[in-house]
Amino acid sequence: MNLSLLVILPLITTLLVLLARGGGQVKAIALTGATLQLLLALFLLYAFGKERSAGDHSAMLFQANYSWFAPLHIYFHTGVDGISVAMILLTAFVVLAGVLVSWDTSFQTKEFFFLLVFLSAGAYGFFISLDLFTLFFFLEVAVIPKFLLIGIWGSGKKEYSAMKLALMLMAGSALVFTGLAGIYFKAGGSAHSFDMMQLAGGLIPVKVQLFFFPFVFIGFGIFTALFPFHTWVPDGHSSAPTAASMFLAGISMKLGGYGCLRVATFLMPDAAQHYAPWIIALSTIAIIYGAFATMMQTDLKYINAYSSVSHCGFVLLGIGMLTRTSVTGAVMQMVSHGLMTALFFAAIGMLYSRTHTRMVAQLGGLLKIMPFISTIFILAGLCSLGLPGLSGFAAEMTVFAGAWQQPSTAYRFATILACASIVVTAVYILRATGQSVLGPVTDSHYEQLPDAKWNEKLAGILLMAGILAIGLAPFWLQQLVSPGAEQIIQQAVKSVTIK
Amino acid sequence: MMGTQFFWLAKQELVLALVIFLLLIIKTGSRTYSNTSVLNLVNALLLVNFLAGFIAPADGILFNEMFHTNTLVTIEKNILNLGTLIVSMQGYEWLKTHKHVIEFYVLLLSTLMGMFFMISAGHLLMFYLGLELASIPLAALANFDLAKRQSSEAAFKYIISSAFSSGLLLFGISLLFGTTGSLLFSDLPALLTGGPLQIFALVLLIAGFAFKISAVPFHWWTADVYEGAPVTVSAYLSVVSKGAAVFVFVYFLYLVAKPMAAAWYTILFILGVLTMLIGNLFAVRQQSVKRLLAFSSIAQAGFILVGISGSSQAGSASVVYFILIYVLSNLGAFGVASVVSALSGKESINDYKGFYRTNPFLSWVMAIALFSLAGIPPAAGFFGKFFLLFAGAGKGNYALVIIAALNMVIAFYYYLRLVRAMFFDRADQEPIPSLDLNWYPKIGLGICLVGTLLLGFFGHVYEHIYSISIPF
């Protein structure tokens, strides 16, 4: 299968959106495009599974290599392993759900859907890139649409949030760029290369790794809310329009996690080993700090945003622990959190568009009035606190199990602390969901409000299906991801045994 | 010896000279001409001039090595022709009511001719003559908003600073002649020994160039001149004039001053870093769009210097590639500022609040141009900037990459300020009304928009430039 299709399809969709007349056509095109994306992603999953079961165990499947700037050794090299396939699936789910919940956009419809679909092209391109330059290109492509989506269609202090988000992400990219330039010039003698498959396998001298790893890791870390660079997350998420929040938390933060894994850890295994204590310390702080900060929030969007900081901490914790199981768990947590947080933001958006408030204290008794919305809202909450049977449990459990494999006492202590944060999570989730949808109706005019419409139901069902598919049968995802995780970890473990 | 060869090699200069003569004949022969018909004619001629540049590029020398040309030089001239054509189309709204439109073009094309001779020069005096022809009429152009005092102030500042820089250049040239006894580009490399007097000459020459491309610490004239001069002229100054100076600079350093590479590498590196830093820091606080773009163009010059300092084939190719992209993206930004200024008279960032609601097309052109200047993909500026940095870092200097990365974040901030004003903010007073554009500026802006968006995806443009650029 030709992976470039994943980028070409959204680009064609954006082009058609530009040519369309009127909001109706724009939405129809965007919806068709997003549906085709999902079908394509599912087909990729199928083709990938078929190829693997046919006995093809090469590191990357469906590789293709196109020359882009040959004199500078820049190629458009694409290929996927199980981790990329999982991330692509996640993207397709969230994009389709995002298009569905934005169905009622009436202001500048064309530009809105253009930017939304364009964002997805950036995400797919990022996940299929095996060349550092194109990977970086797609990482940056996504910055401007986010900025515009928040600034034009957002709410609250949107200008401030948009600027903050754009500048912090840009700073992250700048760090990544510095690291990539270092890798380009210092790895493997005079033959400069951006090709990850060539660079992997300890081609980069240890000294270079130690110097440039922090740049790359912190750079990508900013995208995935690494403590203390998480401050754009609450503002950005809460000011963004619903679909953009879903995209930001569901996909955009995962670009960072994927980058930390694929670029930082995979290419620089010695440095990953060396800096692991730092990563673990910072991610444990993020997990606990995020959880406690969430307790103090009264705005539903802020609650979800801060809890995202906490949940993305698990991703980084899994990466920092550097065992096969923990890295598998990190990837599963990325997928799970992506789906769960998108569902959460979708539900909050639906509630807000009806009640015009996101304050927990002003909501109440909505379960009777809007059963569907309230149900997905509660379900997203339960997934967030890690209820067995939903995806959050499977993912976090895998991270913990993997983390415990590290014999070091300090690491185990961190793992215990991270586990303990689940109690805090339970407190804030149960409080928020309980107060806002259960209990007596706080405002009499809520009584007349309608439940979810077809598009909202469809979006909710879609994301819920994803969460249940992972929660009830986590093994398919585990088996998909695990060989990729193994490959990444192998380098790091090998580097230890040599020492 | 001369004969047909002369016509082929100096083809671009000859076409340009024909256009200038034609305009002069119209001016002296006819008392009644309408501005619109002159503009139609000139734009058509400029298009012909641009296209003629692509016919049969040839290699060769003329006038005892005073003049040389090759595929690279031809491409560089084509880039300048493209810039001039776009500037002319974007200036349509301003020029159609101007009283002296023919004089404007005669002066403008004379400077372009000067730049052509400058790029093609094979002798330092020839280079100097071209440079003067390219500078003096520009001062007159800066004064072309005849009613505005600021405009004449700009012209005065420009002529003084350019006279000063010419003085430095001449001093450097004479020192060089004193130590080597020759001014021919082909003789010089063998005669350069790197003695103290020659280094002093090199410093003076670099200072002269630095004036032209507005590098720190010779950048002070830039903001004032860009602000006072008509926007069309500022655009021309910042793109075509700077581009020409950069082309010659690369040629001079890579071929003539090659034996002294160790000396100029350090100078260029320090100047480049200072230029991008100071340009960006000053740009942050500007309130006028023209001044903002002026400081941004200083910062871009810093990136160019860093690229040149890379001293490799990738360095010279990246510089030419970057100038091509810079022409398109900077003219996109200046083009919008130019039509807005011509049709509504507004030039401050605050005036652009709410611009997106009234002028979506212009806002997008401006935004994409700014993203390209900031180096955000998929705009072509991303590629241009990164190739310059890669060229610069090729020497293994990572401090440079880190400083440049920091600068890109600062630059991103002030470009976003303008984007934010256009797209997010609501106007405090009456916003700029929906502007009704003639199709000339629309095409001019369209070329910039499409070029900026697509250029990066055609890798073979870079490959072609790379294959013909100066090896080191």
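The values are calculated or read from the model by the stated rules, or taken from the named source; none is laboratory data. In this text, all values refer to a predicted model and were calculated from it rather than measured experimentally. Glycine gets a Cβ as well: all are built from the backbone with ideal geometry, and neighbour counts include every protein chain shown. Remember, those area values only see protein heavy atoms, side chains included, never the ligands or the DNA or RNA. Shrake-Rupley method; radii C 1.70, N 1.55, O 1.52, S 1.80 Å.
A compact table of results
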| item | result |
| --- | --- |
| Within the stretch A:136-172, considering residues that are under 30 Å from residue A:197 (Cα atoms) and within 7 Å of chain B (Cβ to nearest Cβ), the one most open to solvent (accessible area, probe 1.4 Å) | A:171 |
| Which listed residue is within 11 Å of another protein chain (Cβ to nearest Cβ), part of a helix (DSSP H, G or I) and touching a residue at least 24 places away in the same chain (Cβ under 8 Å), from A:127, A:133 | A:133 |
| Sole exception among (1) within 11 Å of chain B (Cβ to nearest Cβ); (2) touching a Phe, Trp or Tyr at 6+ places or on another chain (Cβ under 7 Å) for residue A:121, by number | (2) |
| Given (1) part of a helix (DSSP H, G or I); (2) within 13 Å of the chain's Cα centre (by Cα), index of the condition residue B:214 fails | (1) |
| Residue ranges of helices (runs of 4 or more DSSP H) in the stretch B:82-197 with at least 1 members among the β-branched types (Val, Ile, Thr), open to solvent by less than 10 Å² (accessible area, probe 1.4 Å) and modelled with pLDDT under 90 | B:101-120 |
| Sole residue being without any contact (Cβ under 8 Å) to a residue 12 or more places away in the chain, over 24 Å from residue A:456 (Cα atoms) and open to solvent by 70 Å² or more (accessible area, probe 1.4 Å), chosen from A:15, A:11, A:39 | A:15 |
| Subset of the stretch B:1-57 [over 29 Å from residue B:442 (Cβ atoms), part of a helix (DSSP H, G or I) and hydrophobic (A, V, I, L, M, F, W, C)] | B:6, B:7, B:8, B:9, B:14, B:17, B:21, B:24, B:25 |
| Top-ranked residue of the stretch A:61-93 - restricted to ones that are surrounded by fewer than 22 Cβ atoms within 10 Å (Cβ to Cβ) and small (Gly, Ala, Ser), ranked as farthest from the other protein chains (Cβ to nearest Cβ) | A:79 |
| Restricting the stretch B:366-385 to residues that are assigned to a helix (DSSP H, G or I) and more than 19 Å from residue B:306 (Cα to Cα), the residue that is nearest to the other protein chains (Cβ to nearest Cβ) | B:371 |
| Residue count for the stretch B:191-231, restricted to those that are of a type in the set (S, T, N, Q) and farther than 19 Å from residue B:261 by Cα | 2 |
| Count of the stretch A:432-459 residues which are surrounded by 14 or more Cβ atoms within 10 Å (Cβ to Cβ), under 20 Å from residue A:356 (Cα atoms) and small (Gly, Ala, Ser) | 4 |
| Residue match in the stretch A:53-60 (condition: over 23 Å from residue A:257 (Cα atoms), assigned to a helix (DSSP H, G or I), more than 14 Å from chain B (Cβ to nearest Cβ) and out of contact with any helix residue (DSSP H, G or I) (no Cβ under 6 Å at 6 or more places or on another chain)) | yes |
| Test for residue A:410: is it at pLDDT 90 or above, part of a helix (DSSP H, G or I) and open to solvent by 10 Å² or more (accessible area, probe 1.4 Å) | no |
| Selection status of residue B:440, surrounded by fewer than 21 Cβ atoms within 10 Å (Cβ to Cβ), more than 20 Å from the chain's Cα centre (by Cα), facing chain A (nearest Cβ under 10 Å) and in contact (Cβ under 8 Å) with a residue 12 or more places away in the chain | no |
| Close pairs (8 angstrom Cβ cut-off, 6 or more residues apart or separate chains): within 17 Å of residue B:226 (Cβ to Cβ) in the stretch B:126-155, of a type in the set (Asp, Glu) anywhere | B:150/B:227; B:151/B:145; B:153/B:224; B:154/B:224; B:154/B:227 |
| Single match in B:449, B:454, B:435 (criterion: more than 9 Å from chain A (Cβ to nearest Cβ), buried (at least 17 other Cβ atoms within 10 Å of the Cβ), in a helix (DSSP H, G or I) and touching a residue at least 40 places away in the same chain (Cβ under 8 Å)) | B:449 |
